[in-house]
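Undergrad: Below is one structure. I have some questions about it.
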Amino acid sequence: MRGRDMEDILSKKVLRLEESPTFALDSRANDIDAELKKQGDFVVRFGIGQPDFNTPDNIKEAAKQAIDDNKTRYTPATGVKELKQAIVNKFKRDNGLEYGTENILAGIGAKQVLDTIIRAFVNPGDGVLVLKPYWVSYTQQVLLSDGIPLEVDFKDNLKPDTGHLKKVISDFKNPIKLIIVNSPNNPAGTVYAEEEMGEIAKICLENGIHIIADEVYEKFIYDSARHYSIAGFSSDLKDITITVNAVSKTYAMTGWRVGYCAAHKDIIVHMSKIQGQSPSNPCSIAQWASVEALEGSQKSVGIMRKEYEMRRDYAYERLCRIDGMKCVLPRGAFYLFPDVSGFYRGGIRNSNDFSERLLEQAKVAVVPGSAFGDDRYIRISYAAAIDKIEEGMDRIEKFCKAI
Ligand code: PMP
Ligand code: GLU
């Protein structure tokens with residue numbers, strides 16, 4: 001625009017907003033991959049976190065049927081009643097949580113649902129506790145609501161340091177409205193034990209802080225780890241917890257864009273106003289596909305979980321063999337989060353440099369830890385076919401040896 005800077009035209013909020021690093025990296029990896037393909041090479045894609053599996057056939061059939069049945073119009077902004085009922089059934093079946101459809105909101109992926117929760121709670125200057133390492137969009141969504149993200153440190157096992165959590169709470173002078181708890185965790189793959197969840201929950205109850213429990217990876221848990229829903233701990237906790245989930249990861253449906261949450265009905269009433277005024281309903285066809293996902297055969301989920309576990313075992317073992325690489329065994333999700341700071345030399349100063357060089361030189365895409373709140377790490381998504389994981393690990397090993 002001639003004669004005027006964007007700074008004078010656009011909002012301060014949008015100017016300071018960071019681009020989603022996962023999406024930015026994926027599109028860059030795509031471009032490089034397209035170029036390399038012409039020379040018979042390719043990028044190993046350990047960057048964006050999404051299942052490499054196809055959406056199961058029964059779900060695709062339900063979507064086709066929805067089109068044929070002309071279920072193609074606006075729906076209620078927060079989802080059709082059949083989907084809400086399927087979500088109610090899911091929470092009862094999988095998490096032992098009793099809700100009615102008045103407690104449910106369906107939105108455009110967990111991402112939009114999270115944004116709507118934050119918008120519903122946060123006044124300018126309010127604090128939102130974000131446990132490091134955190135998924136990339138939490139802090140930016142808080143900033144979009146003019147809130148202040150309050151970052152909480154983690155311990156060596158990559159789980160929250162509750163001593164630091166208490167300190168952050170007592171040091172902050174404005175109201176703290178929310179905490180975001182994400183287990184199984186993206187990016188660390190950690191799964192919080194019952195006592196660890198309980199400790200966080202107790203601190204929140206004592207301090208009147210509502211809890212967002214982001215459970216999108218709940219189905220991908222390995223070894224003897226178990227998933228605990230905070231809302232199931234007590235009725236007091238149920239009242240202050242908003243449990244978020246989505247069909248995206250569980251059913252390999254990232255592109256369909258259906259996520260949902262369960263909460264006290266008074267919270268849902270106000271969130272619904274945002275939903276009606278801003279995005280409106282999630283895609284009608286995707287909603288019907290999601291009904292089938294939640295109510296139909298769950299066989300594919302077990303198959304995917306098993307496959308991820310096998311890949312995790314392989315990838316973890318390969319990483320551990322690399323001299324200088326430090327990695328905690330992840331018990332859930334589909335990420336490894338190794339500490340690569342031992343390789344910060346020869347022009348590599350941080351996780352961005354490391355990831356950048358790895359992409360440029362070894363043609364492996366990973367996400368720098370800086371995007372998740374800690375610059376010592378990188379995130380490797382093993383939601384990729386095993387032959388790609390083998391190739392990627394060969395390349396990473398060679399790259400690290402040469403630093
Ligand atoms: N929470 C976490 C922890 C995630 O990893 C993701 C994946 N993008 C989301 C929320 C958003 O999920 P969705 O694709 O359903 O918007
Ligand atoms: N959850 C994925 C990731 O962390 C998808 C990308 C995104 O939504 O940011 O890579």
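Values in this text are rule-based calculations from the coordinates and carry no lab data. Keep in mind that this is a model prediction, so the values were computed, not measured. Heads up, the Cβs are rebuilt from the backbone with ideal geometry, glycines too, and the neighbour counts pull from every protein chain shown.
Undergrad: Name the shape class, rounded, prolate or oblate, that the alpha-carbon gyration tensor gives for segment 181-295, where a ≥ b ≥ c are the square roots of its eigenvalues, rounded holds for a/c under 1.5, and otherwise prolate holds if a/b is larger than b/c and oblate otherwise.
TA: Since a/c reaches 1.5 but b/c is at least a/b, the shape of segment 181-295 is classed as oblate.
Undergrad: Still on this model: Would you mind checking which residues have amide H under 5 Å from A246's amide H? H placed 1.01 Å from N; only 5 or more apart, or other chain.
TA: So A246 has HN proximity to Y260.
Undergrad: In whole Hz, with x marking every Gly and Pro, tabulate ³J(HN,Hα) for segment 302-310 from phi via Karplus 6.51 cos²θ - 1.76 cosθ + 1.60, θ = phi - 60°.
TA: x, 5, 5, 4, 4, 5, 4, 4, 5
Undergrad: Moving to a separate point now. State which stretch of the chain is the longest one without any exposed GluC sites (Glu not before Pro), exposure meaning a DSSP loop state and at most 16 other Cβ atoms within 10 Å. Walk me through the intermediate numbers first.
TA: On the way: sites that count: E18, E19, E98.
Counting at most 16 other Cβ atoms within 10 Å as exposed, the longest clean stretch of the chain is 99-403.
Undergrad: Taking every DSSP beta bridge with both residues inside segment 171-307, roughly what % is antiparallel (nearest 5)?
TA: Values: 4 of 13 bridges.
Expressed as a percentage, antiparallel bridges in segment 171-307 total about 30.
Undergrad: According to the square roots a ≥ b ≥ c of the eigenvalues of the Cα gyration tensor, what is the shape class of the chain, taking rounded for a/c under 1.5, prolate for a/b larger than b/c otherwise, and oblate for the remainder?
TA: On the way: a/c = 1.39, a/b = 1.23, b/c = 1.13.
Rounded, since a/c falls under 1.5.
Undergrad: Past the 26 Å Cα-Cα mark, which pairs from K111/K398; K111/K273; K132/K249?
TA: Working: K111/K398 36 Å; K111/K273 17 Å; K132/K249 21 Å.
Where the Cα-Cα span goes over 26 Å, the pairs concerned are K111/K398.
Undergrad: Once amide H atoms are built 1.01 Å from N in the peptide plane, which residues 5 or more positions from L105, or in another chain, come under 5 Å H to H?
TA: Excluding prolines and chain starts, which carry no amide H, the hits are C261.
Undergrad: Please work out, to two decimal places, the log10 of the ratio I(q)/I(0) at q = 0.15, 0.19, 0.22, 0.24 Å⁻¹ from a Debye calculation in which every Cα of segment 324-393 carries one identical scatterer.
TA: -0.47, -0.76, -1.00, -1.17
Undergrad: Also: If you stretched the chain out fully between E194 and D353, how much longer would it get, using 0.36 nm times the residue separation minus the C-alpha to C-alpha distance?
TA: Numbers: separation 159, 0.36 × 159 = 57.24 nm, distance 3.74 nm.
That works out to 53.5 nm of additional length.
Undergrad: Oh, and also: Using θ = phi - 60° and the Karplus curve 6.51 cos²θ - 1.76 cosθ + 1.60, what whole-Hz ³J(HN,Hα) does each residue of segment 384-389 get, with Gly and Pro shown as x?
TA: Computed from phi, the couplings for segment 384-389 are 8, 4, 4, 5, 5, 5 Hz.
Undergrad: Moving on. Take the eigenvalues of the Cα gyration tensor for segment 122-266, scale each by 5, and report the square roots as semi-axes in whole Å, largest first. Spell out each step's value before the answer.
TA: Numbers: eigenvalues 100, 65, 50 Å².
They are 22, 18, 16 Å, listed from largest to smallest.
Undergrad: Please list, or write none, the aspartates and glutamates whose alpha carbon is within less than 12 Å of the alpha carbon of K299, excluding same-chain residues fewer than 8 places away.
TA: D57
Undergrad: Here is a further query. When a/c reaches 1.5 or more, the comparison of a/b and b/c decides; with that in mind, is segment 104-185 rounded, prolate or oblate per its Cα gyration tensor? Mind dumping the intermediate values first?
TA: Numbers: a/c = 2.30, a/b = 1.25, b/c = 1.84.
Judged from the Cα gyration tensor, segment 104-185 comes out oblate (a/c at least 1.5, b/c at or above a/b).
Undergrad: Please work out the Kirkwood hydrodynamic radius for segment 279-350, using every pair of different C-alpha atoms, and report it in angstroms with one decimal place. Display every interim value, and only then the final one.
TA: Values: mean 1/r = 0.0633 Å⁻¹.
Answer for segment 279-350: a Kirkwood hydrodynamic radius of 15.8 Å.
Undergrad: Once amide H atoms are built 1.01 Å from N in the peptide plane, which residues 5 or more positions from E151, or in another chain, come under 5 Å H to H?
TA: V130
Undergrad: Right, another one. In whole Hz and in residue order, list the ³J(HN,Hα) couplings for segment 4-20 that follow from phi through the Karplus curve 6.51 cos²θ - 1.76 cosθ + 1.60, θ = phi - 60°; x for Gly and Pro.
TA: Working through the residues one at a time gives 10, 7, 4, 4, 7, 9, 8, 6, 4, 4, 6, 5, 8, 5, 8, 5, 5 Hz.
Undergrad: Among K60/K159; K13/K90; K71/K92; K219/K388; K37/K71; K13/K84, which pairs are too far apart, with a Cα-Cα distance over 29 Å? If you can, show how the numbers build up before the last one.
TA: Details: K60/K159 37 Å; K13/K90 37 Å; K71/K92 27 Å; K219/K388 23 Å; K37/K71 40 Å; K13/K84 34 Å.
Among K60/K159; K13/K90; K71/K92; K219/K388; K37/K71; K13/K84, the Cα-Cα distance tops 29 Å for K60/K159; K13/K90; K37/K71; K13/K84.
Undergrad: Which value at 222 nm does the chain reach when only helices count, each DSSP H run of 4 or more adding -39,500 (n - 2.57), with the total divided by all residues and rounded to the nearest 500 deg cm²/dmol?
TA: Numbers: 16 runs with 180 residues, N = 403.
Mean residue ellipticity at 222 nm (helix-derived): -13500 deg cm²/dmol.
Undergrad: Only loop residues by DSSP count here, and only those with at most 13 other Cβ atoms within 10 Å; note down the trypsin sites (Lys or Arg not before Pro) in segment 1-92 that meet that.
TA: Details: sites: R2, R4, K12, K13, R16, R28, K37, K38, R45, K60, K64, K71, R73, K81, K84, K90, K92; in loops: R2, R4, K71, R73.
Loop-located and lightly packed - R2, R4, R73.
Undergrad: Separation of segment 154-168 and segment 329-354 by C-alpha centroid, Å?
TA: Their Cα centres are 20 Å away from one another.
Undergrad: What trypsin sites (Lys or Arg not before Pro) does segment 233-330 have in DSSP loop regions with at most 14 other beta carbons within 10 Å?
TA: Sites meeting the loop and neighbour criteria: R321.
Undergrad: List the lysines whose alpha-carbon lies under 19 Å from that of K401, not counting same-chain residues fewer than 8 positions away?
TA: K326, K363
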